[in-house]
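I have placed the structure first, in the form of structure tokens, so that the comments after it can refer back to it.
Please treat every number below as a calculation from the coordinates, not as lab data. Nothing here was measured: the structure is a model prediction, and the numbers come from that model. Glycine also receives a Cβ, built like all others from the backbone with ideal geometry; neighbour counts cover every protein chain displayed.
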Amino acid sequence: MPRVRVHNFSVSLDGFGTGEGQSLDAPFGHAQMRLHEWALETLTFRAMQGKPGGGAGVDEAFARSWNQGIGAEIMGRGKFGPQHGAWTDEKWKGWWGDNPVFHTPVFVLTHHPRPAVQMEGGTTFHFLDASPAEALATARDAAGGLDVRIGGGPTTVREFLAADLIDHMHVALVPIVLGRGVRLWDGLEGLERRFDIESVTSPSGTTHLTFTRR
């Protein structure tokens, strides 16, 4: 059966999945790129940026699995862009450029639906006002029998965990303390009982945790 997966989701030691103060110029707020430095120099992420080379160790082993067998993604509105409330600029098509990395249907959760946006390379952004279960049913229909990825941010991942809809999750625990932002784990007491959990630490200092549904 197709699974619901989370990959390469970075959190700080104090549990924040993004920083405070998101803006057009600061997608992760005051955290900047510190949560993601472990991934930026891997083969996978350098290739996504059109750059040669990159590390091929533990971090790469996790980074490269993010897109294998994925037929659709669900993301929160904050992963698409920094606007909140009613859309004021529908001409802007997100942080991801003309040819986003997804190459699948992407369902953006928002209380303000708007027409779908078709991009180069097979990515189409659809904007849904839906519960996690409703959004997942829609994404599964679009995924063509492949898995659905829950892309973030932390509020979206937390809501899907609270609804017990995630089958596999990779969390990268990054050795930084943010102090403020949006937390992942709030309200999820006892989550560990649902999953088999494994961990491995890379030379970057990042601990990769995998949660697989029991």
Quiz item: Could you give me the ³J(HN,Hα) list for the range 30-42, computed from phi with Karplus coefficients 6.51, -1.76, 1.60 and θ = phi - 60°, whole Hz, x at Gly and Pro?
Solution: 5, 5, 6, 9, 5, 5, 10, 4, 4, 9, 5, 9, 6
Practice problem: Show the residues, 5+ positions off or on another chain, whose built amide H is closer than 5 Å to the amide H of I176. | Solution: L13
Quiz item: Under the Karplus relation 6.51 cos²θ - 1.76 cosθ + 1.60, θ = phi - 60°, what is the ordered set of whole-Hz ³J(HN,Hα) values for the range 120-131, x standing for Gly and Pro?
Solution: 5, x, x, 7, 10, 8, 10, 10, 10, 9, 8, 6
Quiz prompt | For the chain, calculated [θ]222 nm from helices alone, where every DSSP H run of n ≥ 4 adds -39500 (n - 2.57) | solution = -4500 deg cm²/dmol
Quiz item: With θ set to phi - 60° and the Karplus curve 6.51 cos²θ - 1.76 cosθ + 1.60, what are the ³J(HN,Hα) couplings of the range 87-99 in order, to the nearest whole Hz, using x for Gly and Pro?
Solution: 5, 9, 8, 7, 6, 6, 10, x, 6, 9, x, 6, 10
Quiz item: Can you list the residues, at least 5 places off or on another chain, whose amide H is less than 5 Å from the amide H of R3, using H built in the peptide plane?
Solution: D147, V148
Exercise. Starting from the Cα of A133, step 7 Å toward the Cβ, then list every residue of the range 106-122 with an amide N under 19 Å from that point.
Key: 109-110
Quiz item: Which far-off residues, 5 or more places away or on another chain, put their amide H under 5 Å from the one on G153, with H placed in the peptide plane?
Solution: G76, G78, K79
